[in-house]
Structure formats: structure tokens, C-alpha cells
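For reference, the structure discussed in these notes is given below.
Here, each number is a calculation from the coordinates, and none is a lab measurement. In this text the structure is predicted, and so the values were computed from the model without any measurement. As a convention, Cβ positions derive from the backbone with ideal geometry for all residues, glycine included, and neighbour counts pool all protein chains shown.
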Amino acid sequence: MKKNNLILISVSAVLLLALSIGTLLKPDVDFSPNENRYLQKAPEVSAQNILSGQFSEDAESYLSDQIIGREKWVGLKGITEAGLGVRDMNGVYLCDDGRAVERITEEDFDWNQYARNLNQLAQVRDDAGIPMDVLIVPSAASIYEETLPDHALRFDEEKAFEKAEAILGDSLIDLRHTLKEGAAEGSEGESNGGVFFKSDHHWTNYGAFLGYKTWLSHLGVNTSPMTYAMTEPEVLSDDFHGTLYSKVLLNTLGTDTILAPAYSRRAECTVEIDGETYDSIYFDQKLVEKDKYAVYFGGNYDRVDITCMEGDGAVLIIKDSFANSFVPYLMGDYEHITMVDPRYFREDVTSLTSGCDRILVIYSIKDLAEQKMNLAASLMQ
């Protein structure tokens, strides 16, 4: 028995030593296309970092991110845990219907930041003096809650929407009921993955369509004859592996389909991004890359200005990435569409409201509790 233990210890030690040496000798990887994020750089050695504990924290993240064969280890871990019946791994819940949803618990949800951001939106609305509509996209866990693992931890989403309603009043558009209906079996978009992707945290083209339809109803536009088929969805990709797949690397999640309303593909427009002008909101070259969701606008920017040959009036959109698949539905509605992403925009948003007819906010509830908004000059710090 002692001999067997010695062999096991020796083999483990040799394996750990080989992994450590291999990790230190191989060149660092700056960016992971599979996870669509920048990886931890080597920690800076300084007295301040060591005494504060920052060095040890960064070193742990560095070794985790840069370990040789990292993606193979993640995939092996996911396969092993899934085989053992584990359905909560690396911030992802594996659901009964074969999809993955992001895990957001009370510890993850910053209630103070959420309230600050809601108050900023309310102040922008009041300062601008024009109508504002706020579409808060609920979590996929709340839409597919019946398929979650038993005892899955979640934040109090009902309380969060009540908070939003108290601050925003009639400006809030609650999408929960519509998206739940859309996620039900037999809905028009179910064959395309439902209202959220199976392997990504974003909503699908069908989910964005339902958000658009709900918004029109809020405006008093008759949408009773409006169906998903009327938008003529065009397949952009049928082999999309999203951000949640990248966290578990389980092939059982399958691939997702990215669609777009065909009329938005044909729409005549000019799109200004970072000083460059384009004739489409679609960047098809992104369809051969890992992050295929970036086919919309090529990704996220501080500001995007769209001028359409059809439509009338102007709208200012305050958004996160969920708006990227929503905006195509506006191509025939507005002549001018300005999109600002508070993650990158560092100017006074209220200065852009002059000449606009409406302000439209499209944000996921998770991002509203994570990202610090600086929208109005009076609130910038």
C-alpha cells in the first residue's frame, strides 16, 4: 500500500512539475477567442503588490489562464462533471432542455449599482424632456426557470423589476411575460433555439423580435397581424458556439443559429463607426470567427450613427450588446439612429438628445447591476 501511494505521489508530482515548467516556458496568450476575453498577464513584482496581496491574486489568475493545454483541461473537466450529473459548473447552469444559462446569484447582483444606474436613466429622461422607453432584458434563468437544476441559486429578479418600476415608472417595458410565452414549446422561434441561445448569454433574433413587438405595443402601434415570419429571417450562421459553451466546452450543447430580418440586410444606409463609414450594419467577416455574434456592427463601440434611406425621425439608443440584434428591426422605422454604449462612451449623453424624438434603452438586467454608467454631465465623477 505504501509503495502504491509513493508511486501515485511521484506521478502526481512529476505531472504538476511538467505542467508548471510547460506553462512557464510557453509564450503567454493575450486573448482567448474561444472565451472572447483577454487573459491574465504575468503579475507585476513590487513591494506594494506583494504586501497588498494583489500579487498572489494575480499570480493565481495568471496560472489558471495560462496553464498549458488550458482549453483541453476545461473540456475534460466539463465532460467529467457532466458525466457525474453535475449541472452547475463555472458559472453556468445546464438545463433539462439541453441549453445552458448564466448563473446570477444574490452575491453576483450589485443592488446599489443597479439603483444608481436606474436613477441615472431617470435623470437623463428628465433632463432631455423627451420620451424614454426602457427595455430591461430579463435573465435567461428566469425565462427557463422550470428547466433549471433543483436548488439552483438565483437573485431576486421580481424585486429587481419592482425596483425598476418604482424608479422609471411608465418608462419601463417589462418583457418577462412576452419572452416566457415565446420560450414555451411550440412558439414560432422554438426551432431556432427559443428566445435565448442555447450556448450564449444573448437573446436570439426571435427574442429580439419579441422585444421589438412588445415595444411597438407599448407605443400604441397595432401589432396584432405582426408575426415572426413577416420579418423574413435570414440565416447568417448555423454553427455558433457562444460564451456559455466556452465556459464548459460541452459538445452536448450543440450549435446555435444566428438569424437576421432579411429587410435589414437589404436596407440602404450609412453607418459611422470610429470615423469609418460603412454601407451595412452587418460585418459578415465575423461569421468565420469565434464570436459570430459580432456580425452585428462588428462588435461594440462607444458610439454608432446610422442614417437610413427609409423611416422618419431620430432615436437615441443607450445600450449594451443585447441591442445589437434588436436595432435591425428599426431600419425601416427611423431615419437617424444613434447608439451609445456607456461602457465606452465618455461624454455627456444628454447632449445627444437634441433633435431626437425618443430615447430607447436596451439593457440586460445583469449588465445594469454590473456596469457603472456615466450618462449625464452632472453625474460624472
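Once phi is turned into ³J(HN,Hα) by the Karplus curve 6.51 cos²θ - 1.76 cosθ + 1.60 with θ = phi - 60°, what whole-Hz value does each residue of region 231-246 show in order, with x for glycine and proline?
Karplus values, whole Hz, x for Gly and Pro: 7, 6, x, 10, 6, 9, 7, 10, 9, 8, 10, x, 5, 6, 4, 5.
Tell me which residues come under 5 Å, amide H to amide H, from Arg103 once H is placed; ignore anything under 5 positions away on its chain.
Amide H neighbours of Arg103, under 5 Å, 5+ apart: Val92, Tyr93.
Going highest first, how would you order 120-131, 266-277 by mean Cβ packing within 10 Å?
120-131, 266-277
Based on Cβ point charges of +1 for Lys and Arg and -1 for Asp and Glu, what charge dipole magnitude is obtained for region 226-381 about its Cα centre, in debye rounded to the nearest 20?
For this selection, approximately 620 debye.
Note down the net charge around Leu259, summing +1 for each Lys or Arg and -1 for each Asp or Glu among other residues with Cβ under 11 Å from its Cβ.
Net charge around Leu259: -3.
Taking only C-alpha pairs under 8 Å that are 6+ residues apart, what is the relative contact order of region 122-182 in percent?
Across region 122-182, relative contact order equals 51 percent.
Please compute, over every Cα-Cα pair in region 223-331, the percentage with a separation greater than 19 angstrom.
Numbers: 2970 of 5886 pairs.
Counting every Cα pair in region 223-331, those more than 19 Å apart make up 50 percent.
Skipping prolines and chain starts, which residues have an amide H placed within reach, meaning under 5 Å, of the one on Leu259, given they are 5 or more residues away or on another chain?
Distant-sequence amide H within range of Leu259: Asn205, Leu236.
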